[in-house]
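Since the structure comes first, as structure tokens, the remarks are kept for the end.
The values are calculated or read from the model by the stated rules, or taken from the named source; none is laboratory data. Small disclaimer: the values here were computed from a predicted structure and weren't measured. A quick note on method: Cβ atoms are made from the backbone with ideal geometry, for glycine too, and the neighbour counts reach across all protein chains shown. The area values use the complete protein model at the heavy-atom level, side chains included, leaving out ligands, DNA and RNA. Shrake-Rupley method; radii C 1.70, N 1.55, O 1.52, S 1.80 Å.
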Amino acid sequence: MSTSSVQGIKTVLHPVSDVEKAKAIYTALLGIEPQADSAYYVGFDVAGQHIGLVPGGGPQGLTSPVAYWHVDDIEAKLAEVTAAGATIKDAPNEVGGGRVVASVVDLDGNVLGLVQDKA
């Protein structure tokens, strides 16, 4: 039984090879302009979700989209999922504004992202 709560998938990051071309496609798909727009990250907030475009997979080395589960306690959730058999891919790292991210790999090689907003 879980001891730390999960708020659901609220963030999905997509690796892209050409951020400007991808930005045009996602702008057309979502019908809004990005709220974050830089050479290293483009982010859209729509319907309670954050959709991010990460050029070249970013420092995480993403090779496919990764869904990020928002949690209340990232350390506790990491302990729970690793005890259940997952392995840590990316240890917790603050990415700014009090946001901490980490990722694990399940037994089938799927990457599962975790996010905790501490601010």
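Quick rundown of the values:
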quantity: The chain: relative contact order as a whole-number percent, Cα under 8 Å and 6+ apart; calculated: 26 percent
quantity: Inter-label distance, nm, simple model (7 Å from Cα along the C-beta direction), LYS118/ASN93; calculated: 1.6 nm
quantity: Descending semi-axes in Å of the chain, equivalent ellipsoid built from Cα gyration tensor; calculated: 26, 15, 12
quantity: Length added when fully stretched, ASP108-SER38, from 0.36 nm per residue minus Cα-Cα; calculated: 21.9 nm
quantity: Lys, Arg +1 and Asp, Glu -1 on Cβ, resulting dipole of the chain about Cα centre, debye, nearest 20; calculated: 100 debye
quantity: In degrees, nearest ten, helix 19-30 long axis to first principal axis of the chain (Cα); calculated: 80 degrees
quantity: Within the accessible area of segment 1-43 (1.4 Å probe), percent carbon and sulfur; calculated: 61 percent
quantity: Estimated FRET transfer efficiency when R0 is 25 angstrom, pair ASP73-HIS14 (beta carbons, to 0.05); calculated: 0.40
quantity: Antiparallel content of DSSP bridges confined to segment 35-116, in %, to 5; calculated: 85 percent
quantity: Segment 65-117, dipole about Cα centre (Lys/Arg Cβ +1, Asp/Glu Cβ -1), debye to the nearest 20; calculated: 120 debye
quantity: Only Lys, Arg (+1) and Asp, Glu (-1) charged, at Cβ; segment 2-49 dipole about Cα centre in debye; calculated: 160 debye
quantity: Cα-based Rg / Dmax (Å) for segment 29-72; calculated: 11.3, 31
quantity: Whole-number accessible area per residue in Å² for the chain, which is evaluated in the context of all protein chains at 1.4 Å; calculated: 56 Å²
